[in-house]
């Protein structure tokens, strides 16, 4: 009778161990998948940028520095090593800011704003930027789940045995956290 109880206990421990291990593998896979979604959206944006730049070049002849910066950052982004998530996001954040500048520059060129191709490309890029933001949120959520399991008892025991590591969150750049300055000094009040 004692050996039956021992077999049942060992069987339950094996099931418990396998269940925790599989849960860790599953959440690690979700982290990788969510990073892949960011990567896909970054590639999509990189594919749209040359068309946007070539369309804007004909109109915004005085804004070559902005266009050159967009192309330079796109090239930097494609040159980042595949596993360097932090550098990828740093360059991506800078590119997002430069694209916002390009969109602002386009406001000064009514002919460019009226160009259907440019407008469609701007809309596609805006949608892609939104998808990148959503994908970043998803990535950070799945990283939080993984990190909780890697640190929580009893799953931390299995995580340590199988070398599951905590992942880093994608952080918002400091300049984007700053409070925007709003001034009403230039407005004429009557």
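The values are calculated or read from the model by the stated rules, or taken from the named source; none is laboratory data. Being a predicted model, the structure only gives us computed values, none of them experimental. Heads up, the Cβs are rebuilt from the backbone with ideal geometry, glycines too, and the neighbour counts pull from every protein chain shown.
Quick notes on this structure:
- Search result, residues across the stretch 145-156 that are part of a helix (DSSP H, G or I), without any contact (Cβ under 8 Å) to a residue 12 or more places away in the chain and either within 25 Å of the chain's Cα centre (by Cα) or loosely packed, with under 11 Cβ neighbours inside 10 Å (or both): 148
- Filter pass, residue 49 being at pLDDT below 90 and part of a helix (DSSP H, G or I): yes
- Residue, surrounded by the fewest Cβ atoms within 10 Å (Cβ to Cβ), within the stretch 77-87, restricted to residues that are touching a residue at least 12 places away in the same chain (Cβ under 8 Å) and in contact with a helix residue (DSSP H, G or I) (Cβ under 7 Å, 6 or more places away or on another chain): 78
- Odd one out for residue 31, checked against (1) more than 17 Å from residue 80 (Cβ to Cβ); (2) free of Cβ contacts under 8 Å to residues at least 24 places away in the same chain: (2)
- Some residue of the stretch 4-19 being surrounded by 14 or more Cβ atoms within 10 Å (Cβ to Cβ) and closer than 25 Å to residue 161 by Cβ: yes
- Single match in 73, 95 (criterion: more than 15 Å from residue 39 (Cβ to Cβ) and modelled with pLDDT of 85 or more): 73
- Residue 103 buried (at least 20 other Cβ atoms within 10 Å of the Cβ) and modelled with pLDDT under 90: no
- For the stretch 157-175, filtering for residues that are within 14 Å of residue 35 (Cβ to Cβ) and surrounded by fewer than 17 Cβ atoms within 10 Å (Cβ to Cβ) leaves 2.
- For the stretch 107-120, the count of residues that are surrounded by 18 or more Cβ atoms within 10 Å (Cβ to Cβ), part of a helix (DSSP H, G or I) and at pLDDT 80 or above is nonzero.
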